[in-house]
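Q: Please find one structure pasted underneath; my questions will follow.
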Amino acid sequence: MVRHLLKISDLSKAEIKKIINKALEIKQNPHIFDSTLKGETLLMIFAKPSLRTRISFEVGMQQLGGHAIFYSIKDSPLGKKENIHDTAKTASRFVNLIAARVFKRQDVRDLAQHAEVPVINMLDDFAHPCQMMGDFLTIKEKKGRLDNLKISYFGDAYNNVTYDLMRIAAIFGLTLDVACPVGSEYTPEQEVLDEVSQISKETGAHINVIHDAFKAAKDSDVLYTDSWMSYGIPVEKEEERRKIFIPFQVNSQIMETAKPDAIFMNCLPAKRGYEQTAEVIDGPQSIVFDQAENRLHGQKGIMLFLRDKF
Ligand code: CP
Ligand code: NVA
């Protein structure tokens, strides 16, 4: 059966650990892996902008000996000019992997349903599994462990990255405090809360949605935030959202509330003065560019795993 990666919980804890370990091996000795996907092609379908995801997948595929195609569907939306069924079936005849960044979760699900090759979600409105793989690889490097951690998340929690952070924290049995404004526009969807609570029953994780940034920061090992203006949110909303989210900005007082050796993460793109201050993102506890780099290594691991190379 063809495996897909649509959200991080499509993988078990053992599989995530296996991919992270492989990614670390690749990072240390990239040349050993330079022909592992020789002759293979990755199709990257983009409906939204990207810096990190596009570059890291393209470079990653090339470094593994394969080739990546960038296909923008901005002007010819997936599912309109040609239906998703036909797109998935056709692409499967040409390429070995399909990756997609789309607006709606159903689009990537439909692609996976009809594709005959693995489909990777490069971000939709429900998940960002490639981000999480790189992030947990980064946490492992910085903290030396993936257990017994308190993570705290600040800001927009009606959000793809937050959802996968909640899922992976649940899978690893961690404590995660998600600090966000009150209201359904800013808090996680019930479906995600249900999934996370189901996983947590088995793993003993504590995933809490709260509305107090200082409480979330207390005793935290990892502080994480994401944009207040995710791709697709209209610019007219910016001022209103800035006012709503400002109590959840990661600033020096928040950093001082966490453990002294806490790290600061942001999946990027970031805006200084919004989800974090410049002092924090440009300060000594920030590891955002190591985090960005690890997208490359994590995704190489994901591609090799889905192509059954280890
Ligand atoms: N973090 C991330 O996915 O960045 P891009 O939107 O630049 O790909
Ligand atoms: N939540 C952000 C993540 C960007 C990588 C967005 O969807 O734009």
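Q: Report in % the part of the accessible area of the chain that belongs to carbon and sulfur, leaving out ligands and nucleic acids; probe 1.4 Å.
A: Solvent-exposed carbon and sulfur of the chain make up 51 percent of the total.
Q: Do the alpha carbons of any pairs in 74/104; 18/142; 48/80; 48/243 sit beyond 23 Å of each other, and which pairs?
A: Too far apart for the 23 Å limit: 48/243.
Q: For a test of the definition: using alpha carbon positions, the gyration tensor, and the 1.5 limit on a/c, classify the stretch 170-310 as rounded, prolate or oblate.
A: rounded
Q: While we're looking at this one, here's another question. Here is the link list: 17/89; 140/259; 13/38; 89/309; 22/218; 7/38. Which ones come out longer than 25 Å on Cα distance?
A: Where the Cα-Cα span goes over 25 Å, the pairs concerned are 17/89; 13/38; 22/218; 7/38.
Q: Rounded to the nearest whole Å², what accessible area per residue is found for the chain with the 1.4 Å probe?
A: I get 43 Å² per residue for the chain.
Q: Follow-up question, since we're still on this one. In whole Hz and in residue order, list the ³J(HN,Hα) couplings for the stretch 133-141 that follow from phi through the Karplus curve 6.51 cos²θ - 1.76 cosθ + 1.60, θ = phi - 60°; x for Gly and Pro.
A: For the stretch 133-141, the Karplus curve yields 4, x, 5, 6, 4, 5, 4, 4, 5 Hz.
Q: Tell me, what is the FRET efficiency for residue 285 and residue 208 to the nearest 0.05, using R0 = 30 angstrom and their Cβ-Cβ distance as r?
A: My answer for the efficiency is 0.85.
Q: Moving to a separate point now. Between rounded, prolate and oblate, where does the chain land on the alpha carbon gyration tensor, with a ≥ b ≥ c its root eigenvalues, rounded for a/c under 1.5, else prolate if a/b exceeds b/c?
A: Prolate.
Q: When a/c reaches 1.5 or more, the comparison of a/b and b/c decides; with that in mind, is the stretch 1-98 rounded, prolate or oblate per its Cα gyration tensor?
A: Cα axes put the stretch 1-98 in the prolate bin.
Q: Below 8 Å, C-alpha to C-alpha, sequence gap of six or more: please give me the relative contact order for the chain in percent.
A: Averaging sequence separation for qualifying contacts and normalising by length gives 20 percent for the chain.
Q: Stretched out fully, how many nm does the piece from residue 184 to residue 59 gain, at 0.36 nm a residue minus the Cα gap?
A: Extending this stretch completely gives an extra 41.2 nm.
Q: Under a crude label model (7 Å from the Cα following the beta-carbon direction), how far is residue 271 from residue 243 in nanometres?
A: 1.5 nm
The values are calculated or read from the model by the stated rules, or taken from the named source; none is laboratory data. Not measured: the values here are computed from a predicted model. Note that each Cβ is placed from the backbone with ideal geometry, even for glycine, and that neighbours are counted across all protein chains shown. Ligands, DNA and RNA are stripped out before the accessible areas are found, and what is left, the full protein with its side chains, is counted by its heavy atoms. Shrake-Rupley method; radii C 1.70, N 1.55, O 1.52, S 1.80 Å.
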